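One structure is given here, and the rest of the page talks about it.
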Amino acid sequence: MSERADIPGGAPYLLETPMAQVTLRDETATGRPLEEFTLPDLPDRITARELVRLRVREDVARHNATPSTRFNGLVMPDDAEAELNGYRMRTARRIDWERQADIAEKAFQRNGFILLADDRQIEDLDEQIDLTTDPVISFVKLVPLVGG
């Protein structure tokens, strides 16, 4: 990312500002890593909401590149059912990332998953995360107990 700077008596020039990258990691409730990927070129500070939406957009982009009946993402798409390590849809189809991101926000608010930044739980979607000090964000899906 670049920002404009002016030199007194000279022409404006662009300063390169460093961008953060974040590693997004899915973990079990016991802390066992399941999968992770890195998103580059992010601002140094970002809200939890923006980060969740970016993560979901990435999940959906990977799925939509080769649509199938299986979806390995943060939250279950409409018209799908949960199975081990993912979701099964009735038909192979593309997914709307914005709809999926809305589902993810609601899931966070009802404790469907938690976010950990440097082992600190993020409590609110509007909370700011400093990616320079917390470059690894863990997503922990919470599974309801059967019969509980």
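Could you tell me whether Ala101 is of a type outside the set (Lys, Arg), within 14 Å of the chain's Cα centre (by Cα), within 21 Å of Leu142 (Cα to Cα) and assigned to a helix (DSSP H, G or I)? Taking the combined requirement at face value, the residue satisfies it. May I ask you to verify whether Asn111 is farther than 16 Å from Leu24 by Cβ, surrounded by fewer than 12 Cβ atoms within 10 Å (Cβ to Cβ) and either out of contact with any Ser or Thr (no Cβ under 7 Å at 6 or more places or on another chain) or touching a residue at least 40 places away in the same chain (Cβ under 8 Å) (or both)? Spelling it out, Asn111 is indeed farther than 16 Å from Leu24 by Cβ, surrounded by fewer than 12 Cβ atoms within 10 Å (Cβ to Cβ) and either out of contact with any Ser or Thr (no Cβ under 7 Å at 6 or more places or on another chain) or touching a residue at least 40 places away in the same chain (Cβ under 8 Å) (or both). Being under 15 Å from the mean Cα position of the chain (by Cα), within 19 Å of Thr28 (Cα to Cα) and among the polar types (S, T, N, Q), is that true of even one residue in the range 137-144? Scanning the range 137-144 turns up at least one residue that is under 15 Å from the mean Cα position of the chain (by Cα), within 19 Å of Thr28 (Cα to Cα) and among the polar types (S, T, N, Q).
The set of residues in the range 65-82 being over 16 Å from the mean Cα position of the chain (by Cα), surrounded by 14 or more Cβ atoms within 10 Å (Cβ to Cβ) and either of a type in the set (Ser, Thr, Tyr) or not in a strand (DSSP E or B) (or both) consists of Pro67 alone.
Rule-based calculations on the coordinates, nothing more; no lab input. Everything numeric in this text was worked out from a predicted model, so none of it was measured. Heads up, the Cβs are rebuilt from the backbone with ideal geometry, glycines too, and the neighbour counts pull from every protein chain shown.
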